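A.B. asks: One structure follows; several queries about it will come next.
The values are calculated or read from the model by the stated rules, or taken from the named source; none is laboratory data. Values in this document were obtained by computation on a predicted structure and should not be read as measured data. Counting neighbours? That spans all protein chains shown, and the Cβs are built from the backbone with ideal geometry, glycine included. Just so you know, the surface numbers come from the protein's heavy atoms only, side chains and all, with ligands and any DNA or RNA stripped out. Shrake-Rupley method; radii C 1.70, N 1.55, O 1.52, S 1.80 Å.
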Amino acid sequence: MRLRLTSVRYEADQIVSLEFADPTGAPLPPWGPGAHLEIRLPSGLIRHYSLCGDPARADRYRVAVLRVAAGRGGSREIHDTLRVGTLLEVSAPRDTFALAEADHHLLIAGGIGVTPILTMAEHLASRGHPSWRLVYGGRSRDAMAFGDRVARLPQGRAEVVCQDERGLPDLDAAIAELPEGAHVYCCGPAPMIENATGLCGRRPDLVLHTERFAAAPARPASSEDGAFEVELAESGQVLKVPADRSVLDVVREVLPDVAYSCESGFCGTCETGLLSGAAEHRDDLLTEAERDAQRSMMICVSRARPGERLVLRL
Ligand code: FES
């Protein structure tokens, strides 16, 4: 859908929130806590941002964006060039980090990772859920968005940990005290997610849900990286993918409009149907069962064994 950017608001150091509305005033598709939007920027870059407004408001979507000076350009474009009034192509909300029904939830947010987590906390608070807790860590108070909303959560539920005052949040303690069967939601920088994953790994009774906004730590380069082929089913074209290039790179030469965003295997934009062949999956998204099914692959990172051929639904 084409939505109008109706507001840009300062939220914290290097963080703005953006609001979008339908230019005709039509209601927007509904969403739930944890959902995200895919936004196509004027430059053509596609970026994903968690919705962080009020799900009850059908007249607007709200996302928050941290300016990452050394990033790949999407957040710089938003902060430096986007103006209120601009029309942008925005997907319907997508639910990849939805809040499960559970007796107890621990919500862990780091920095801008608060965007999906805060809407979860507000949802649980509005339902009067009896057992949940939010731990929100950030560099400093100035750099942490939505302090006002966190302060309005029911007393005793939210713990705000500013690194310059108290160091990092004590996830060890927060996870150790969880009752059996609790669901843990974590969105934040990669080291925070690795830490939560390690700690929950020692408690098989817990259910961990994570959402990354950056790639997991680089996987060690495989000594088996080699050239292979991809066949584009629609045209029958066969392309060679050299050892030092991705399928996405090679495909873009003949299909410049092919969708992609993170180029790191964590956003899902480039997921492509696989009609035959066995992909070596290197993304952070597919489950083991999905990998085994070999029905799709993230062409930005996943490959095939040297000399083999993959037939893609392209
Ligand atoms: S572009 Fe994000 S997973 Fe491939």
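A.B. asks: Jot down the radius of gyration and Dmax of segment 15-59, Cα atoms only, both in angstrom.
C.D. replies: According to the Cα coordinates of segment 15-59, Rg and Dmax are 11.4, 31 Å.
A.B. asks: Looking only at the chain, where both bridge partners belong to it, what percent of the DSSP beta bridges are antiparallel (to the nearest 5)?
C.D. replies: Among the beta bridges of the chain, antiparallel pairing accounts for roughly 60 percent.
A.B. asks: Sort Val160, Val251 by heavy-atom solvent-accessible area, probe 1.4 angstrom, most to least.
C.D. replies: Highest to lowest solvent-accessible surface, that is Val160, Val251.
A.B. asks: Could you run the Karplus curve 6.51 cos²θ - 1.76 cosθ + 1.60 with θ = phi - 60° over segment 169-181 and give me ³J(HN,Hα) per residue in whole Hz, x for Gly and Pro?
C.D. replies: Once rounded to whole Hz, the list reads x, 8, 5, 3, 5, 4, 7, 4, 8, 5, x, 4, x.
A.B. asks: Of Thr197, Val150, Ala12, which is farthest towards the positive pole of the chain's charge dipole, taken about the Cα centre with +1 and -1 on the beta-carbons of Lys, Arg and Asp, Glu respectively?
C.D. replies: Going by the charge dipole, the pick is Ala12.
A.B. asks: Another question, then. Placing unit charges on C-beta atoms (Lys and Arg positive, Asp and Glu negative, everything else neutral), compute the dipole magnitude of segment 1-111 about its Cα centre in debye, rounded to 20.
C.D. replies: Using Cβ point charges on Lys, Arg, Asp and Glu, segment 1-111 gives about 460 debye.
A.B. asks: Which one of Asp54, Asp142, Asp244 has the biggest mean-square fluctuation once the chain is modelled by GNM with Cα springs under 10 Å?
C.D. replies: Asp244
A.B. asks: A further question follows. In square nanometres and to one decimal, what's the mean projected area of the convex hull around the Cα atoms of segment 78-147?
C.D. replies: Mean projected area for segment 78-147: 6.8 nm², to one decimal.
A.B. asks: Can I ask one more? Return the FRET efficiency for the residue pair Gln163, Arg76: r is the Cβ-Cβ distance, R0 is 22 Å, and the value is rounded to the nearest 0.05.
C.D. replies: 0.35
A.B. asks: Something else: Normalising by the residue count of the chain, find the relative contact order in percent from Cα pairs under 8 Å and 6+ residues apart.
C.D. replies: Relative contact order of the chain: 14 percent.
A.B. asks: Moving on. Kirkwood hydrodynamic radius (Cα pairs, Å) of segment 1-105?
C.D. replies: For segment 1-105, the Kirkwood estimate is 14.3 Å.
A.B. asks: Helix-only estimate, please: 222 nm mean residue ellipticity of the chain, summing -39500 (n - 2.57) across DSSP H runs of length 4 or more and dividing by its residues, to the nearest 500.
C.D. replies: For the chain, the value works out to -5000 deg cm²/dmol.
A.B. asks: Using +1 at the C-beta of Lys and Arg and -1 at the C-beta of Asp and Glu, which of Gly265, Ile175, Leu88 has the Cα lying farthest in the positive direction of the dipole of the chain?
C.D. replies: Projecting each Cα onto the dipole axis, the largest value belongs to Leu88.
A.B. asks: Quick one: Karplus J couplings for segment 43-55, per residue in order, coefficients 6.51, -1.76, 1.60, θ = phi - 60°, nearest Hz, x for Gly and Pro?
C.D. replies: Once θ is set to phi - 60°, the couplings for segment 43-55 become 6, x, 5, 10, 10, 10, 9, 6, 6, 9, x, 9, x Hz.
A.B. asks: Order 31-38, 190-197 from most to least packed using the mean count of other Cβ atoms within 10 Å.
C.D. replies: Packing order, densest peptide first, comes out as 31-38, 190-197.
A.B. asks: If the only charges are +1 at each Lys and Arg Cβ and -1 at each Asp and Glu Cβ, what is the size of the charge dipole of segment 1-49 around the Cα centre, to the nearest 20 debye?
C.D. replies: Using only the charged Cβ atoms, the result is roughly 200 debye.
A.B. asks: Taking all protein chains in place and a 1.4 Å probe, what share, in percent, of the accessible surface of segment 127-239 do carbon and sulfur account for?
C.D. replies: 49 percent
A.B. asks: Order these peptides, 41-47, 62-68, 291-297, by their mean beta-carbon neighbour count within 10 angstrom, highest first.
C.D. replies: In descending order of packing, they fall as 62-68, 291-297, 41-47.
A.B. asks: Express the carbon and sulfur contribution to the solvent-accessible surface of segment 31-79 as a percent, rounded to the nearest whole number, probe 1.4 angstrom.
C.D. replies: Carbon and sulfur: 52 percent of the exposed surface of segment 31-79.
A.B. asks: OK, next. Just the number please: accessible area per residue for the chain, 1.4 Å probe, all protein chains included, in Å².
C.D. replies: I get 48 Å² per residue for the chain.
A.B. asks: Further question: Can you pull the Rg over Rh of the chain, Cα-only, Kirkwood?
C.D. replies: In the chain, Rg relative to Rh is 0.99.
A.B. asks: Continuing with the same structure: What distance in nm separates the simple spin-label points at Val238 and Ala69, each placed 7 Å from Cα in the Cβ direction?
C.D. replies: 5.0 nm
A.B. asks: Here is a follow-up. What is segment 180-293's relative contact order, in percent, from Cα pairs under 8 angstrom and six or more apart in sequence?
C.D. replies: Result for segment 180-293 is 17 percent.
A.B. asks: Suppose we keep just the alpha-carbon trace of segment 36-182; what are its Rg and Dmax in angstrom?
C.D. replies: Cα radius of gyration and Dmax of segment 36-182 are 16.7, 49 Å respectively.
A.B. asks: Report the calculated FRET efficiency for Asp95 and Ala151 (r = Cβ-Cβ distance, R0 = 41 Å), to the nearest 0.05.
C.D. replies: The pair Asp95/Ala151 has a calculated efficiency of 0.90.
A.B. asks: What is the dipole size for the chain, taken about its Cα centre, with +1 at each Lys and Arg Cβ and -1 at each Asp and Glu Cβ, in debye to the nearest 20?
C.D. replies: Using Cβ point charges on Lys, Arg, Asp and Glu, the chain gives about 680 debye.
A.B. asks: Which ³J(HN,Hα) values, rounded to whole Hz and listed in residue order, are derived for segment 230-236 from phi using the Karplus coefficients 6.51, -1.76 and 1.60 in 6.51 cos²θ - 1.76 cosθ + 1.60 with θ = phi - 60°, glycine and proline given as x?
C.D. replies: Those phi angles translate into 10, 10, 8, 4, 5, 9, x Hz.
A.B. asks: Explain nothing, just the number: relative contact order of segment 116-244, from Cα pairs under 8 Å at least 6 residues apart, as a whole percent.
C.D. replies: Reported as a whole number, the value is 17 percent.
A.B. asks: Then there is this: Quick check on segment 153-288: what are the equivalent-ellipsoid semi-axes from the Cα gyration tensor, as sqrt(5λ), descending, whole Å?
C.D. replies: 40, 16, 15
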